[in-house]
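Here the structure is laid out as structure tokens; the discussion comes afterwards.
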Amino acid sequence: MATRVLLWGAGGLGSAGPRLPTRGSLALRGLASSTNRAGEDSWLKSLFVRKVDPRKDAHSNLLAKRETSSLYKIQFHNVKPEYLDAYNKLCQEVLPKIHEEKHYPCALVGTWNTWYGEQDQAVHLWRYEGGYPALTEVMNKLRQNKEFTEFRKERGNMLLSRKNQLLLEFSFWNEPVPRDGPNIYELRSYQLRPGTMIEWGNYWARAIRFRQDNNEAVGGFFSQIGQLYMVHHLWAYKDLQSREDTRNSAWHKHGWDELVYYTVPLIQEMESRIMIPLKISPLQ
């Protein structure tokens, strides 16, 4: 007599007819079920069990560069579409005057328009040499600067919304220094699960070595004020095709896939912006 079998496929259950389970098949099924549960438990634990020792210090002290006390500010300005050209012209007239003044302890690191990502958006990155005291000093002086006050008022009429964050540099990332162009820049922003910043830093301290071949790594930062547990990685490429080639080449290096595997569960959200520098940007 022919034996009828149960066929499980991607689309569901296929059957040549009902068949009662035998004692042996029940035992095997129980063993498989137990094995599956053990595998699922192991997988779940891998997501939630911490992979670093508990710390008794702020992650800012453990991950930031000790040799400098620089604080960074990143600004996101969503510009009314009809004002983008006027906004860029105004910024190019006023912003260089601020960071060129010697009595302002700040420097414009880069300024861009978003090309792919959120449209009609300007992104500015500033460095304050001396940390929070330097930031406070600059802000107090700018309040007394009539030209800057008029600039902010005129700029405000061009904006739909704006936000900023205060950042520190990761100790293992490159220092963001001026570079010649032309380049496009990618700002990859990651919202991490709270409590995972140390894990992220531990993995990326090793991962960054896989992304240095084409001098693409510009800077890496994590937030202190504003949206918290935010990480920003800034990359430079000659064009979109070189970006694609450079990113693909990392997957051919032993160990990159493992580091990606362990960092992905730490992420809640991520965003990529492709940006074009303005003429006044030190990062070209």
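The values are calculated or read from the model by the stated rules, or taken from the named source; none is laboratory data. Here the structure is a predicted model, which means the values were calculated and not measured. A quick note on method: Cβ atoms are made from the backbone with ideal geometry, for glycine too, and the neighbour counts reach across all protein chains shown. Side chains are part of the model used for accessible areas, which takes the heavy atoms of the whole protein and leaves out ligands, DNA and RNA. Shrake-Rupley method; radii C 1.70, N 1.55, O 1.52, S 1.80 Å.
Tabulated values for the structure
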{"read-out": "For the stretch 180-257: accessible area per residue (Å², 1.4 Å)", "value": "44 Å²"}
{"read-out": "Highest average packing first - 206-212, 217-223, Cβ atoms within 10 Å", "value": "217-223, 206-212"}
{"read-out": "Within the accessible area of the stretch 170-284 (1.4 Å probe), percent carbon and sulfur", "value": "52 percent"}
{"read-out": "Accessible area of the stretch 57-159 belonging to carbon and sulfur atoms, whole % at 1.4 Å probe", "value": "48 percent"}
{"read-out": "Under-5 Å amide H pairs with Val218, H placed in peptide plane, nonlocal only", "value": "Leu234, Trp235, Ala236"}
{"read-out": "Exceeding the 21 Å Cα-Cα cut-off - candidates Lys141/Lys279; Lys73/Lys102; Lys80/Lys102; Lys97/Lys141", "value": "Lys141/Lys279; Lys80/Lys102"}
